[in-house]
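Shown next, in structure tokens, is the structure this report addresses.
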Amino acid sequence: MIRIILTGYMGAGKTTVGKALAKELGISFYDLDWYIEERFHRTVPQIFAERGEEGFRKIEQQMLHEVAEFENIVLSCGGGTPCFFDNMDYMNRQAQTVYLKASPEVLYQHLKMGKTERPLLKDKTPEEMMAFIRASLEQREPFYRQASHTLNVDLLENYAKIKDSVRLLRELLKI
Ligand code: S3P
């Protein structure tokens, strides 16, 4: 039985890489944010607006417990998932966990280009966004570091990034 959970900061590539890995392994892919959106018929920004971050984190934990019971899956969690409640311990008990590690500079570049609406980054100037990424990454690293594996995605060449990440992940996880 294969169960893999990808963690890491917003913009690290969890969804892109997770999808590609699941496809190669021929197993199902889940993205925790998408799962929440389907189950609640609300977008993540709507849930933040209606229930605040606290409300979102409770839902996120509940939905994590649902999805992380499924077998033969790759799950990409949200950037904040490992940092609330005992989520990181829970994920380590349920799955092989991987931290997709990227520098604040690389994360900033990805987030600037990305189309996903992220409530935590809303209305920030480039300078504010860079400062926010640096500060919150530092706070979150101790949680991310508890993953059983770490893959540094900074140095992967852009054009081959997804393919290389999948290859390296399979080596790391021995699958
Ligand atoms: C969040 C990351 C988002 C989403 C929400 C909060 C965070 O997921 O869960 O906007 O706290 O880092 P991604 O990491 O997929 O962007």
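Over all pairs of different C-alpha atoms, segment 92-137 has a mean inverse distance whose reciprocal, the Kirkwood radius, equals 12.1 Å. Pick out, from G114, F132, A95, the residue whose Cα sits farthest towards the positive end of the charge dipole of segment 50-132, with +1 on the Cβ of Lys and Arg and -1 on the Cβ of Asp and Glu. Comparing the listed Cα positions along the dipole, G114 ranks first.
Taking the solvent-accessible surface of protein heavy atoms with a 1.4 Å probe, what is the per residue accessible area of segment 136-175 in Å²? Don't skip to the answer; put the middle values down first.
Values: 2660 Å² over 40 residues.
Accessible area per residue, segment 136-175: 66 Å².
Relative contact order of segment 1-144: 39 percent, from C-alpha pairs under 8 Å at least 6 residues apart in sequence.
Summed over the residues of segment 1-126 and divided among them, the accessible surface reaches 48 Å² per residue at a probe radius of 1.4 Å. Prolate is the label for segment 49-90. Its Cα gyration tensor axes, ordered a ≥ b ≥ c, give a/c of at least 1.5 and a/b above b/c. Just so you know, the averaged projected area of the alpha carbon convex hull for the chain sits at 9.5 nm². Binning the alpha carbon pair distances of segment 1-90 at 10 angstrom intervals from zero yields the distribution 17, 51, 28, 3, expressed in whole percent.
Between Q109 and W34, what FRET efficiency follows from the Cβ-Cβ distance if R0 is 22 Å, with the result rounded to 0.05? So, using R0 = 22 Å, E works out to roughly 0.40. Apply 1/(1 + (r/R0)^6) to the Cβ-Cβ distance of E171 and E50, taking R0 = 45 Å, and write down the FRET efficiency to the nearest 0.05. The pair E171/E50 has a calculated efficiency of 0.60. Accessible surface comparison of D123, D86, D31, probe 1.4 Å, protein chains only, largest first: the order is D123, D86, D31. Among M130, M91, the order of accessible area from largest down is M130, M91, computed with a 1.4 Å probe on protein heavy atoms. For K124 and D89, the difference between the fully extended length at 0.36 nm per residue and the C-alpha to C-alpha distance is 9.4 nm. Taking θ as phi - 60° and the Karplus parameters 6.51, -1.76 and 1.60, the scalar couplings of segment 78-85 work out to x, x, x, 3, x, 9, 10, 6 Hz in sequence order, x denoting glycine and proline. The Cβ shell under 13 Å around R42 holds other residues with a net charge of -4, Lys and Arg each +1, Asp and Glu each -1. Karplus-derived 3J(HN,Hα) values for segment 122-132, using 6.51 cos²θ - 1.76 cosθ + 1.60 with θ = phi - 60°, are 4, 6, 9, 6, x, 5, 5, 5, 4, 5, 5 Hz; glycine and proline are entered as x.
Over all directions, the average projected area of the alpha-carbon convex hull for segment 55-159 comes to how many nm²?
Numbers: hull surface 30.6 nm².
That works out to 7.7 nm².
Spacing of the modelled spin labels on E138 and D164, each 7 Å from Cα toward Cβ, amounts to 2.9 nm.
Annotation: amide H of I5 within the under-5 Å range of L75, Q96, T97, V98, sequence separation 5 or more or interchain, hydrogens built in the peptide plane.
Between I59 and T150, what is 0.36 nm times their sequence separation minus the Cα-Cα distance? Round to one decimal in nm. Show your work: numbers first, answer last.
Numbers: separation 91, 0.36 × 91 = 32.76 nm, distance 2.66 nm.
Extra length from I59 to T150 when fully extended: 30.1 nm.
The charge dipole of the chain, taken about its Cα centre with unit charges on the Cβ atoms of Lys, Arg (+1), Asp and Glu (-1) only, comes to about 360 debye.
In segment 104-175, the alpha-carbon atoms span a convex hull of 114 Å³ per residue. Working note: 222 nm ellipticity from helices only, DSSP H runs with n ≥ 4, each -39,500 (n - 2.57), summed and divided by the residues of the chain, gives -17500 deg cm²/dmol to the nearest 500.
The values are calculated or read from the model by the stated rules, or taken from the named source; none is laboratory data. Every value quoted in this text rests on a predicted model; they were computed, and no experiment measured them. Methodologically, a virtual Cβ is constructed for each residue, glycine included, from the backbone with ideal geometry; neighbour enumeration extends over all protein chains shown. For accessibility, only protein heavy atoms count, side chains too; no ligands or nucleic acids. Shrake-Rupley method; radii C 1.70, N 1.55, O 1.52, S 1.80 Å.
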